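The values are calculated or read from the model by the stated rules, or taken from the named source; none is laboratory data. Fair warning: this is a prediction, and the values are worked out from it, not measured in the lab. Here Cβ is always computed from backbone atoms with ideal geometry, including for glycine, and neighbour counts include all displayed protein chains.
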């Protein structure tokens, strides 16, 4: 992935990993469009960063994605990088009947959102120089946590979809998977101060070191995420699965 001179569209840019990536990419010399549901939080991301621009979209809404894509391409025709970062994580008890609204919203935002967003931009990106799509999955795609079963399932599905997308777009668009480990953000209540989770700044430093390498890896895995990715291959899966589910 080219380090500077991009026009980057990043969903989920109002907080956490999305916000910090947007600011770091801006400082590297890129124009960044941050997108999400809440205009106020997007404005906070952009404040003091002249080349960060905010636009609202509901990544879980098919019609709104279509509206949004048309507006982005019209206003920022140079967009050449799409970062599918928007996501939600809800705790659930899958051992008993329950209201499935949270599960359905998670699937809509975390899986259908990136698929629909990619579909809306892929033709445009295929015509751009140095084009890239970055799908943000999770270390939990490789070792799931039962309390967030639907979240983990959507990230495992996104991992698979990203591999297929990479094959389909070979020679046209670079396709990268960014799989964070447990990071101190407000993805879930209290997570930003949770002991044992990777500090957000540390994660961003590690991830950007890989994203700005001479050859960007197809899977951006910082050490904590690589540990999860390799668990099955290295015969550690059952032990790590038990540990993850004791948290």
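Quick notes on this one:
- Checked against (1) over 22 Å from residue 4 (Cα atoms); (2) surrounded by fewer than 19 Cβ atoms within 10 Å (Cβ to Cβ), residue 231 passes all but a single condition, namely (2).
- Once segment 67-91 is narrowed to residues that are in contact with a helix residue (DSSP H, G or I) (Cβ under 6 Å, 6 or more places away or on another chain) and surrounded by fewer than 18 Cβ atoms within 10 Å (Cβ to Cβ), the residue that is modelled with the highest pLDDT is 73.
- Qualifying residues in segment 189-209 (those that are closer than 17 Å to residue 227 by Cβ and surrounded by 17 or more Cβ atoms within 10 Å (Cβ to Cβ)) - the one modelled with the lowest pLDDT: 197
- For segment 218-247, the tally of residues that are in contact (Cβ under 8 Å) with a residue 60 or more places away in the chain, under 20 Å from residue 159 (Cα atoms) and more than 20 Å from the chain's Cα centre (by Cα) stands at 6.
- Residues located in segment 31-76, provided they are in contact (Cβ under 8 Å) with a residue 40 or more places away in the chain and closer than 15 Å to residue 8 by Cα: 31, 33, 35, 36, 54, 68, 69, 72, 73, 76
- Residues in segment 3-23 that are surrounded by fewer than 18 Cβ atoms within 10 Å (Cβ to Cβ) and either modelled with pLDDT under 95 or assigned to a helix (DSSP H, G or I) (or both): 0 in all.
- Filter result for residue 21 (within 17 Å of the chain's Cα centre (by Cα) and closer than 18 Å to residue 124 by Cα): no
- Number of residues in segment 116-137 that are free of Cβ contacts under 8 Å to residues at least 60 places away in the same chain, under 14 Å from residue 81 (Cβ atoms) and surrounded by fewer than 19 Cβ atoms within 10 Å (Cβ to Cβ): the value is 6.
- Inside segment 40-54, residues that are touching a strand residue (DSSP E or B) at 6+ places or on another chain (Cβ under 7 Å), in a helix (DSSP H, G or I) and under 12 Å from residue 22 (Cβ atoms) make up a count of 3.
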